[in-house]
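What follows is a single structure, written as structure tokens, with notes after it.
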Amino acid sequence: MKKHFSISIFSIVFLGFAFPLLSQFSPEEVAERPKWEEYLKNANIVGQQQLVGPESVTSPWKLTLELDGVTKNALWKNPEGRVKGFIEGWRYEIAAYLFDKYLGLNMVPPTVEKRFQGSRGSCQLWVTYWKSLKKIKEEKIKVPSYKVFYYNRALYLQRAFDNLIGNEDRHQNNYFFTEDWKMLLPDHSRAFRTGKNWTTKLLYTEKHPEGPMVMRELPRDLFEKIKALDYDTIKGFVGEYLTDDEIKAVLARKELIIKEINKLIEQNGEDKVLY
């Protein structure tokens with residue numbers, strides 16, 4: 001019974017949103033997430049498998065964890081520096097989760113620091129999902145008409161989040177969907193860029209390389225939280241996981257997001273942009 005209870009809570013926490021997007025979960029259900037952080041930190045590693053192949057650039061490990069009779073899988077990685085032409089960092093996985101928590105998105109799986117084979121790394125709870133966006137596109141699956149509104153709002157949240165954290169690696173394999181079209185966002189080891197391209201312009205705008213991808217609608221609470229970000233606030237919740245330059249880059253992107261949203265408000269009206 002204990003194991004069944006824990007898995008049910010995992011499903012509730014992970015597939016819920018803090019904002020009224022799809023299903024609305026209670027604060028008590030969302031509050032279960034810290035229990036999974038403690039689980040990841042304290043569970044014993046009882047199995048391990050390194051993932052290799054073209055879609056496993058950083059060669060992460062799939063760990064099997066066990067604590068108090070509850071067994072779950074997790075993804076552990078520890079890239080640092082340039083890997084196959086890209087700057088990768090395991091700390092960014094944790095920082096992205098901490099931003100997700102602070103902003104109240106509840107779209108990034110619980111992620112903590114955990115030692116494995118004597119090394120520090122990020123450990124993310126393994127997500128059970130229906131299909132990736134890549135599979136949805138390949139199989140030409142259409143979003144049900146009654147889910148399109150909420151699906152689009154989830155996309156706008158993803159764009160705002162990735163704009164803020166400077167994530168250059170949101171390809172179609174990094175969108176996970178449940179059968180009822182809730183969106184989960186894994187893999188942030190290429191986030192928190194600091195270069196000029198990532199501090200003077202946003203990725204998700206009408207000028208996106210693949211066509212217009214704007215933050216058309218956002219929750220007012222989320223926009224206010226983004227506007228209120230400053231160095232001390234970010235340092236307070238990310239701690240050592242971001243450098244000063246990386247925090248300054250986030251703040252530069254914050255100003256760009258504010259400018260972009262204000263432009264949309266001027267064009268379409270505040271009631272059409274913030275909800």
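A P(r) calculated from all alpha carbon pairs of the chain, with 5 Å bins opening at zero, reads 1, 5, 12, 17, 19, 18, 14, 9, 4, 1, 0, 0 percent. Taking amide H as placed 1.01 Å from N in the peptide plane, the amide H of His208 sits under 5 Å from that of Met213, each at least 5 places away or on another chain. Sorting Arg220, Arg91, Arg193 from the fewest to the most surrounding beta carbons within 10 angstrom yields Arg220, Arg193, Arg91.
Please give the calculated 222 nm ellipticity per residue for the chain, where each DSSP H segment of at least 4 residues contributes -39500 (n - 2.57) and the sum is spread over every residue; nearest 500 deg cm²/dmol?
-12500 deg cm²/dmol
If you take all other residues with their beta carbon under 14 Å from the beta carbon of Leu125, and give Lys and Arg +1 and Asp and Glu -1, the sum is 0. Among the GluC sites (Glu not before Pro) in the stretch 95-197, those located in a DSSP loop and surrounded by at most 10 other Cβ atoms within 10 Å of their own Cβ are Glu139, Glu179.
Where both partners of a DSSP beta bridge lie in the chain, what percent of those bridges are antiparallel, to the nearest 5? Show your work: numbers first, answer last.
Details: 29 of 31 bridges.
Taking every DSSP beta bridge with both residues in the chain, the antiparallel ones total about 95 percent.
For Leu203, the shell of other residues with beta-carbons less than 13 Å away shows a net charge of +1, using +1 for Lys and Arg and -1 for Asp and Glu.
I need the calculated FRET efficiency for the pair Glu179 and Phe86, taking r as the beta carbon distance and R₀ as 45 Å, to the nearest 0.05. Provide the component values of the computation, followed by the final result.
Values: r = 32 Å, r/R0 = 0.72.
Efficiency for this residue pair is about 0.90.
In a simple Cβ point-charge model (Lys, Arg +1; Asp, Glu -1; nothing else charged), the chain has a dipole of about 580 debye relative to its Cα centre.
What are the semi-axes of the equivalent ellipsoid of the stretch 58-130, taken as the square roots of 5 times the eigenvalues of the Cα gyration tensor, listed largest first and rounded to whole Å? Provide the component values of the computation, followed by the final result.
Values: eigenvalues 83, 62, 26 Å².
Listed largest to smallest, the semi-axes of the stretch 58-130 are 20, 18, 11 Å.
Using equal-weight Cα scatterers in the Debye expression, the normalised intensity of the stretch 156-263 in log10 at q = 0.15, 0.21 Å⁻¹ is -0.65, -1.26.
Remark on Asn73: its backbone amide H falls under 5 Å from those of Leu65, Trp126, a criterion applied only to residues 5 or more positions apart or on other chains, H modelled at 1.01 Å from N.
Values in this text are rule-based calculations from the coordinates and carry no lab data. Predicted model only: the values in this text are computed from it and were never measured. Here Cβ is always computed from backbone atoms with ideal geometry, including for glycine, and neighbour counts include all displayed protein chains.
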